[in-house]
1. Tell me the trypsin sites (Lys or Arg not before Pro) within the stretch 361-443 that lie in a loop according to DSSP and have at most 16 other beta-carbon atoms within 10 Å.
2. With 31 Å as the limit, write out which pairs from Lys203/Lys419; Lys88/Lys170; Lys177/Lys237; Lys125/Lys195 have Cα-Cα distances beyond it, or answer none.
3. For each pair in Lys194/Lys232; Lys134/Lys232; Lys133/Lys294; Lys91/Lys262, compute the distance between the two Cα atoms and list the pairs where it is over 22 Å.
4. Tally Lys and Arg at +1 and Asp and Glu at -1 over the other residues with C-beta under 15 Å from the C-beta of Asp184: what net charge comes out?
5. Using Cα-Cα distances under 8 Å and only pairs 6 or more residues apart, what relative contact order does the stretch 295-444 have, in percent?
6. For Cys275, what residues show an amide H to amide H distance below 5 Å, using hydrogens built from the backbone and excluding near sequence neighbours?
7. Would you work out what percent of the accessible area of the stretch 281-439, with all protein chains in place, is carbon or sulfur (probe 1.4 Å)?
8. Students often get this wrong: which residues of the stretch 383-407 have the backbone nitrogen under 13 Å from the point 7 angstrom along Cα-to-C-beta of Arg366?
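The values are calculated or read from the model by the stated rules, or taken from the named source; none is laboratory data. The shown structure was predicted, so the numbers you read here are calculated from the model rather than taken from an experiment. Cβ coordinates were reconstructed from backbone atoms using ideal geometry, including for glycine residues, and neighbour counts include every protein chain displayed. Note: accessible area is taken over every heavy atom of the protein model, side chains too, but ligands, DNA and RNA are not part of it. Shrake-Rupley method; radii C 1.70, N 1.55, O 1.52, S 1.80 Å.
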Amino acid sequence: MKRPKLKKASKRMTCHKRYKIQKKVREHHRKLRREAKKRGHKKPRKDPGIPNSAPFKEALLREAELRKQQLEELKQQQKLDRQKEQEKKRKLETNPVGEPSDVEPVEELEQCKTKKAKLSKQHPKKLYCQELKKVIEASDVLLEVLDARDPLGCRCPQVEDAIVQSGHKKLVLVLNKSDLIPRDNLESWLNYLKKELPTVVFKASTYLKDKGKITKMKKKAVPLKRKVCFGKECLLKLLGGFQETYGRAIHVGVIGFPNVGKSSIINSLKKERICNVGVSMGLTRNMQIVPLDKQITIIDSPSLIVSPLNPLTALALRSPASIETVKPMEAASAILSQADARQVVLHYTVPDYKNSLELFTKLAQRRGLHQKGGSPNVERAARLLWSEWTGASLSYYCHPPTSWTPPPHFNESIVAGMKRGLNLEELEKSNAHSIEAIKGPHLAKSILFQSSGLTNGIIEEKDIPEELPRQRERKQEEGKDNEDMVSEEEIVDYEEADEKISDMPPIEEKREPPPPEESTAGESASSLNLDKMTQEDDAYDFSTDYV
């Protein structure tokens, strides 16, 4: 038997040998550098991005982000088309009908190509309308998810009317985010809404965010990390009662405006992270079928499209694409006009303000949001306030109307039909148990908000405008501002920024140099032979605030 080594071999060496090795390594690296110079091989330079001093930087970034979103939508649509083609091929292979012919598959491929070309040219909002119609047609029961902070503003009369006219379909209201409003306010809203439709108090599960698991779906669903859900048993009992009345397996569609928590409710019922969820608005873009059990199948739908004819407050709170039409300052000012000023001051711990601009200035100073030179960044403060009001952390509440009046698309027979076959007493007990279990905020820590009423939506594709009226007005205003206003601080070297700007699509804005000014400070700038350009573009991609 070989005797094991009791001591490891030493790595020590003489200095002569060590210096010799180092010299050989240096010579080898020198030789590699010499050969690289002869070949002309250079390291790839990193993309420096658009410089901060470039004109219209925010507009360029916004256009690049919009283009990226359109490409993602096209990729998803092409993926669905590929899956459909594979299913058709499998059916043809398993069930061949008659004699095999080479003409039919060629015709089917040509039809698929024409469909792809049409979808690529189609407006993304029109695709949302098509998906929503599919969900309504395929569902037996529809859950309209409402944000408990503003339930009336989350209801869409056009969609409810379409559900009533589609046939014998049941409609249920789900008051999600019930933990963000005081308990008394939650009870008053429940008493108001249950007069019209069956209503369920709900609080979806929350969990730690993991970007890799949210963006890329895996085969095995990821379990929720924190199982804190209220109202789940009540909703499952309600759906079980509907299934018994139908006497067969049912499909349950989940609809609602952006960022009300549709996908979170599905994940809470399934106890797994199946649907993509996030703080940013409008993540779900296609219908997704989730089997809850053998008898109940849930269908997740894309968000409802908000009509541009709604008030400015509704556009700011309910529309993910409102940044296309509304500026951050306008949106935040509209939200503040409906909120209680005293409670806003207490929440943000700022002094009293006379107007919204003064509040944004004080908020920027308090949060440390400054521009170059130390001046407060008012626009960034407005975006911050806007993001908090559309997120799922701020506590604000609305009072329900004093008197209940049925909407025009409902009557007594329709209301009775929606409640037929339900155990309303058991539903009330379950809701009361959920309200007791949910720990809502104190009344003094919430902000009173005045709701703007029902929010009009768009269902028909023909009603979607190609260019929104507010967007046209904004373009006209920007054209006038760019002609008259010139910023002395924004001086750009076009030789450095030309490579970046040439890659982007052209922007329809006038770029005229300002008239020369007679001043001592201007002489040093004129020696640089540079043009003075404006950087007046208040538009901003709202989805980047949540990344």
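1. On the way: sites: Lys362, Arg366, Arg367, Lys372, Arg380, Arg383, Lys419, Arg420, Lys429, Lys439; in loops: Lys372, Arg420, Lys439.
Sparse-neighbourhood loop trypsin sites (Lys or Arg not before Pro): Lys372, Arg420, Lys439.
2. Listed pairs above 31 Å: Lys88/Lys170; Lys125/Lys195.
3. Over 22 Å Cα-Cα: Lys134/Lys232; Lys133/Lys294; Lys91/Lys262.
4. In short, +1.
5. Working: 78 pairs, mean separation 24.5, N = 150.
Normalised by residue count, the contact order of the stretch 295-444 is 16 percent.
6. Those lying under 5 Å, H to H, from Cys275 are Asn267.
7. The C+S portion of the solvent-accessible surface of the stretch 281-439 is 53 percent.
8. 385
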